[in-house]
Amino acid sequence: MDEIVEKVPFYFPDASLQCEFVEDDLCVNVLTVMSVDEARKALDRFDKEWWLNRSVDSPICVCLDFVCV
């Protein structure tokens, strides 16, 4: 969990994180005001460069939510 808190700002500088339990999984929601296109690109980079290698054995789920302001 600490690693996610450290890595997310690199990909989503404006993001805030929200954690919740869904059934038996801890979900980390990334709340951002980035445009949908920018956020999807950032999520792709986050996945390819960092998360996918770690998520296989992780009980944590990372979700991306778009917040309109």
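The values are calculated or read from the model by the stated rules, or taken from the named source; none is laboratory data. Since we're looking at a predicted model, the values are computed, not measured. Cβ placement follows ideal geometry from the backbone for every residue including glycine, while neighbour counts extend to all protein chains displayed. Accessible surface is based on the protein model in full, side chains and every heavy atom, while ligands, DNA and RNA are left aside. Shrake-Rupley method; radii C 1.70, N 1.55, O 1.52, S 1.80 Å.
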Distance (nanometres) between label positions extended 7 Å along Cα→Cβ at Asp24 and Glu3: 2.2 nm
Residue-normalised accessible area of the chain, expressed per residue, 1.4 Å probe, Å²: 70 Å²
Sequence-distant or interchain residues sharing an amide H contact under 5 Å with Cys61, placed H: which? Leu26, Cys27, Val28
If you split all Cα-Cα distances of the chain into 10 Å bins from zero, what percentages do you get per bin, shortest first? 20, 57, 22, 1
Taking every alpha carbon pair in segment 1-41, what does the distance histogram look like in 5 angstrom bins from 0, in percent? 6, 21, 29, 22, 14, 7, 1
Can you tell me how much longer the chain between Val36 and Phe10 gets when fully stretched, taken as 0.36 nm per residue apart minus their C-alpha distance, in nm with one decimal? 7.6 nm
